[in-house]
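Written out below as structure tokens is the structure these notes cover.
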Amino acid sequence: MSTMSRRFGAYDVTMLRDGVVQASTDHLVHRRGEDALAQARARIGSFPLVVNCFLLTGDNGVTLVDAGCGTAWGADFGKARLALADLGIAPQDVDRVLVTHLHGDHVPGLWEDETPYFPRAKILVPEVELSFFTDEAARQSVPEARRSGFGLAAQLIKAYGARVQSIPHGPVLDGIEAVALPGHTPGHTGYRIGAGKDGLLIFADALHLAAYQPQDLDLCLVYDLDADAAARTRLALLAAAAEDGFAVTGCHIDGYGRVEREGHAFRLDLF
Ligand SMILES: [Zn+2]
């Protein structure tokens, strides 16, 4: 179990490891076509995909960014709950949860059956994400295999009712800004903590393969609902991180990193 703590801005940030899955290259797609995809598959082989959520502690109490799988993915996942307990944080201590997007490795940890796992917490969901995944016309527009977010939105609202609140992009809490990172889902959102070199962008699922996607900017995952938008978002955030020097991490990245330009692309150095 990994609990990597760092100070960024006004918050102590702790990565909570929810689990890890050995993913096959069937999960990859490539915007430059079949040859590029075959080359990427040969280069990468199968790869470990970690699942993280984050604990932020500061003057305003206890905030989570996402909540992992809970019991939805079986006994190898949901370990973020144990990591929180190990840190002495009980479910009732959590004041609020910032949601990055409505996928099955990010939000089922918020409930158990129809009961909220965090009995006092407000659940803050980016309004673009919440309105998309509660819209019937949007549901019909998405391939069936990619519709899980609609069921998850319904479960979330059933468990938390009016404590589910939609938030705009921009400042959301003292020293935390919600950043639109569309592509993986329409309302996919990162959270920027602090500023400049002392700051951190939790970019959620804008990048899954730290060793490959910064160099191969057209490499995407099948779970990116709009791969073109996801690739544009990834390029823009890597360029901004290289330029401004802020640190980055994600829900599927094994640590914290900094981005450097390398040739026409980038390198993500974990620290
Ligand atoms: Zn994910």
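The values are calculated or read from the model by the stated rules, or taken from the named source; none is laboratory data. Given the structure is predicted, the values throughout are model-derived calculations rather than measurements. No Cβ is skipped: glycine too gets one built from the backbone with ideal geometry, and neighbour counts run over all protein chains shown.
Side notes on the structure shown:
- Filter result for LEU221 (out of contact with any Cys (no Cβ under 6 Å at 6 or more places or on another chain), more than 21 Å from LEU56 (Cβ to Cβ) and either touching a residue at least 24 places away in the same chain (Cβ under 8 Å) or within 16 Å of the ligand (Cβ to nearest atom) (or both)): yes
- ALA85 vs. criteria more than 15 Å from the ligand (Cβ to nearest atom), modelled with pLDDT of 95 or more, more than 20 Å from the chain's Cα centre (by Cα) and in a helix (DSSP H, G or I): yes
- Tabulated pairs, segment 105-123, first in contact (Cβ under 8 Å) with a residue 40 or more places away in the chain and within 20 Å of LYS79 (Cβ to Cβ), second surrounded by fewer than 19 Cβ atoms within 10 Å (Cβ to Cβ) and among the acidic types (Asp, Glu), C-beta under 8 angstrom, 6+ apart or interchain: ALA121/ASP95
- Residue in segment 211-252 that is surrounded by the most Cβ atoms within 10 Å (Cβ to Cβ), counting only those that are under 21 Å from ASP18 (Cβ atoms) and at pLDDT below 95: ASP224
- Filtered residues of segment 105-132 (kept if under 26 Å from HIS169 (Cα atoms) and surrounded by fewer than 15 Cβ atoms within 10 Å (Cβ to Cβ)): PRO119, ARG120
- Taking segment 245-259 as the range and being in a loop (DSSP other than H, G, I, E, B) and closer than 24 Å to VAL107 by Cα as the test, the residues that pass are GLY250, CYS251, HIS252, ILE253, ASP254, GLY255, TYR256.
- Complete set of residues in segment 197-206 that are at pLDDT 95 or above and either basic (Lys, Arg) or under 12 Å from the mean Cα position of the chain (by Cα) (or both): LEU201, ILE202, PHE203, ALA204, ASP205, ALA206
- Scope segment 224-270; condition free of Cβ contacts under 8 Å to residues at least 24 places away in the same chain and under 19 Å from VAL13 (Cα atoms); matching residues: ARG258, ASP269
- Selected residue [within 16 Å of the ligand (Cβ to nearest atom), over 18 Å from ILE123 (Cβ atoms) and surrounded by fewer than 22 Cβ atoms within 10 Å (Cβ to Cβ)] from VAL51, VAL29: VAL29
- Residue within segment 157-167 that is among the hydrophobic types (A, V, I, L, M, F, W, C) and crowded, with 22+ Cβ neighbours inside 10 Å present: no
- ASP205 within 16 Å of the ligand (Cβ to nearest atom), in contact with a helix residue (DSSP H, G or I) (Cβ under 9 Å, 6 or more places away or on another chain) and part of a loop (DSSP other than H, G, I, E, B): yes
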